[in-house]
Amino acid sequence: MTDLSEIKAQARKAAFARRKAAFETCRPGAAGRLSEILAGHRGVSLAGYVPIRTEIDPLPAMAEASAYGPVSVPVIQGAGLPLKFSRWEPGLPMREGPFGASVPEVDDFFEPEILIVPLVAFDSNGGRLGYGGGFYDRTLELLRARRATLAIGFAFDAQEAENLPLEPTDQTLDMLVTETRVLSF
């Protein structure tokens with residue numbers, strides 16, 4: 001019998017292939033809808049991410065949002081730990097962090113109220129398949145226990161999947177933004 005970790009690995013492999021194909025044909029302006037959503041939350045602290053590999057790029061929307069309120073990026077503290085978020089703005093000196101993601105040279109941590117969440121795959125119910133480290137699941141669980149925290153997945157349309165292999169510890173998204181649409185859950 002195939003266990004859940006094998007099923008997740010297979011789902012990730014298929015989703016990475018779909019994401020890569022979408023990334024290769026991506027046109028400029030993919031973050032336009034994300035900017036529109038964030039405009040409704042001006043001044044609210046948020047966390048985005050610096051894209052790695054074939055992730056859809058939220059940096060234009062983050063740069064726009066930084067003119068109105070604090071913006072941060074995730075910093076991995078270690079295996080099994082939740083993420084911390086360090087203040088970011090366009091042009092800030094960066095260094096390489098774990099997994100090749102850029103992080104600010106000097107940490108200035110704060111807890112955001114909105115998280116723009118990268119992902120490998122999503123479903124029509126707000127389910128999210130990440131890279132498998134559980135960082136966003138632990139972080140969202142922690143932040144949501146303290147206060148309302150909006151989790152906005154950001155992905156290409158091609159990353160949608162049916163029947164994602166999810167576990168009770170997987171945190172759902174509140175909203176999903178793609179290059180063409182917005183889904184609310």
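Laboratory data are not the source of any read-out in this text; all were calculated from the coordinates shown. If you're wondering where the values come from, they're calculated on a predicted model, not measured in any experiment. When we count neighbours, we look across all protein chains shown, and the Cβ atoms used for this are built from the backbone with ideal geometry, even at glycine.
Numerical summary
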read-out	value
Alpha carbon centroid spacing (whole Å) that separates region 111-185 from region 49-93	16
Cut-off 18 Å (backbone N to label point 7 Å along Cα→Cβ of ASP157), residues of region 112-130	121-125
Karplus (6.51, -1.76, 1.60) ³J(HN,Hα), θ = phi - 60°, over region 112-122, in Hz, Gly and Pro reported as x	x, 9, 10, 10, 8, 9, x, 7, 9, 8, 9
Student exercise, the chain dipole from Lys, Arg, Asp, Glu Cβ charges, in Debye to nearest 20	60
Cut-off 12 Å, label 7 Å out along Cα→Cβ of ALA79, residues of region 114-139 by amide N	133
Dipole-positive endmost among LEU59, PRO82, ILE152 within region 34-158 (Cβ charges, Cα centre)	PRO82
Net charge contributed by nearby residues that have their C-beta within less than 14 Å of CYS26 (K/R +1, D/E -1)	+1
Loop chymotrypsin sites (Phe, Trp or Tyr not before Pro), region 91-127 (other Cβ atoms within 10 Å of the site Cβ: 15 or fewer; DSSP)	PHE110
Beta bridges per DSSP with both ends in region 4-184, % antiparallel, nearest 5	55
Sites LEU4 and HIS41, calculated FRET efficiency, Cβ-Cβ separation with R0 35 Å, nearest 0.05	0.50
Environment charge of LYS84, counting only residues whose C-beta is closer than 10 Å and scoring Lys/Arg +1, Asp/Glu -1	-2
Mean separation of Cα contacts under 8 Å (6+ apart) over length of the chain, as relative contact order %	23
Full-stretch length increase - ARG181, MET94 - with 0.36 nm per residue and alpha-carbon distance subtracted	28.2 nm
